[in-house]
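Below is one structure, written out as structure tokens, with a few remarks after it.
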Ligand SMILES: NC(=O)C1=CN([C@@H]2O[C@H](COP(=O)(O)OP(=O)(O)OC[C@H]3O[C@@H](n4cnc5c(N)ncnc54)[C@H](O)[C@@H]3O)[C@@H](O)[C@H]2O)C=CC1
Ligand SMILES: CC(C)=CCC[C@@H](C)[C@H]1CC[C@H]2C3=C(CC[C@]12C)[C@@]1(C)CCC(=O)C[C@@H]1CC3
């Protein structure tokens, strides 16, 4: 049952609002006076004034109930990249996003903001200050990214100035912050298993890590700038901290902040990449007999050993974006938010 909302209050739906980014977005939208509902396949928290619709975004009827009187939709739902489930990525990110678009159009939703990913242009080789002018990856690094490319294209192509259905895509990179279920937990788990001793390559590769509140800020700016005559309609925008950092310095700061030693010994990039490829092949060949998931996948090694940072000039120019939390402050807040993952805890 939806609550009645004053006409002046902007009513929005966050699809994927139970997730890491989604929940931060919901909290900020509430602060800013929006009336917020969440649509997600799971519900893992409660907040006063937030209505939860539990359902699968591939189910149009379920979406239609949640979209009643909604004018703005944020779509930040996706299966986790680590699930590595091709069929699930295709069903949710491609077919499901098609269903979301149809349901939005049928319900008279005016604006849709998609959470895409900067990785849609990444092929596992260096990207330095990449702009939105880069072509989509011809050989995406994994199935997840392959479906994120199709998803982004679908949402941007759904922009229709005649009917007034306005869309925009935000491309974050390396989101981190309190409650992230991926980055810090994977890192700490690897450290606890004694596998965080090595630096892949010379350790100078620069990467974007983006504090979650900056990603939220980019989404809300995009929603508020999405108007009929706006240059942002039908376009994609990188949202980063605008402070590329060495991948291994970032990892070390988090590790040391949590009481673990920083990695020290260097291994040649091509050697580790080759090893990861071999392990991946072995896991594939053995899969009918035993199943094992190597820590060092080729994709992870590429992420850890290459440059991949992006320009957010276009977001600055078209939306007035600038990060609201510095990298230093973001790292501090993140470390403080994981007392249970500290060494010895
Ligand atoms: N975490 C990161 O570093 C980055 C994330 N992104 C994108 O940001 C978005 C949010 O990511 P996170 O918050 O990190 O992920 P998350 O896994 O914490 O949140 C995703 C949410 O989507 C929901 N969901 C999944 N399948 C669903 C379905 N069939 N129907 C309804 N809800 C469903 C999940 O239950 C979850 O609550 C995703 O679209 C992801 O591709 C993009 C770049 C980087
Ligand atoms: C910038 C960006 C796209 C970050 C994405 C988050 C994850 C892909 C990374 C978070 C922790 C990282 C990590 C590794 C690879 C990339 C991550 C999973 C390693 C497995 C790389 C090889 C190692 O030496 C251990 C690393 C642990 C942490």
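A short reminder: the numbers here are calculations on the coordinates, not readings from a lab. As the structure is a computational prediction, the values presented were derived from the model and not from experiment. Methodologically, a virtual Cβ is constructed for each residue, glycine included, from the backbone with ideal geometry; neighbour enumeration extends over all protein chains shown.
For the chain, modelled as a GNM with alpha-carbon contacts under 10 angstrom, which of 24, 266, 307 fluctuates the most?
Maximum fluctuation in the GNM of the chain, among the listed residues, is at 266.
Please give the residues of region 303-324, grouped as numeric ranges, whose backbone N is less than 19 Å from a label point set 7 Å along the Cα-to-Cβ vector of residue 246.
Counting backbone N atoms under 19 Å from the label point, the list is 303-310.
For 291, 107, what's the fewest-to-most ordering of other Cβ within 10 Å of each Cβ?
The fewest-first ordering by Cβ neighbours comes to 291, 107.
Can you tell me the relative contact order of region 237-304? Whole percent, Cα pairs under 8 Å, sequence separation 6 or more.
The normalised contact order for region 237-304 reaches 28 percent.
Need one number: nm distance between label points at residue 197 and residue 71, each 7 Å from Cα along Cα→Cβ, rounded to one decimal.
A separation of 6.1 nm, rounded to one decimal place.
Evaluate 2.2 N^0.38 Å with N set to the residue count of the chain, then give the Cα radius of gyration divided by it.
Working it through for the chain, the quotient is 1.00.
Among DSSP beta bridges whose residues both lie in the chain, state the antiparallel percentage, nearest 5.
10
For labels at residue 87 and residue 280 in the simple 7 Å Cα→Cβ model, what's the distance in nm?
2.2
In what sequence do 280, 248 fall when counting other Cβ within 10 Å, fewest first? All intermediate terms of the calculation are to be shown ahead of the outcome.
Values: 280 15, 248 22.
In increasing order of surrounding Cβ atoms, one gets 280, 248.
Please report the relative contact order for the chain, taking Cα pairs under 8 Å with a sequence separation of at least 6, and give it as a percent rounded to a whole number.
17 percent.
Using Cα pairs under 8 angstrom and six or more residues apart, how large is the relative contact order of region 1-154, in percent?
Worked out over region 1-154, it gives 21 percent.
Using 0.36 nm per residue of separation minus the Cα-Cα distance, give me the extension gain between residue 56 and residue 292 in nm, one decimal. Don't skip to the answer; put the middle values down first.
Values: separation 236, 0.36 × 236 = 84.96 nm, distance 2.92 nm.
The residue 56-residue 292 span can extend by a further 82.0 nm.
Per DSSP H run of at least 4 residues, take -39500 (n - 2.57); add these up for the chain, divide by its residues and hand me the 222 nm value, nearest 500 deg cm²/dmol.
Taken over the chain, the calculation gives -11000 deg cm²/dmol.
Taking the number of other C-beta atoms within 10 Å as the exposure measure, put 256, 301 in order starting with the fewest.
256, 301
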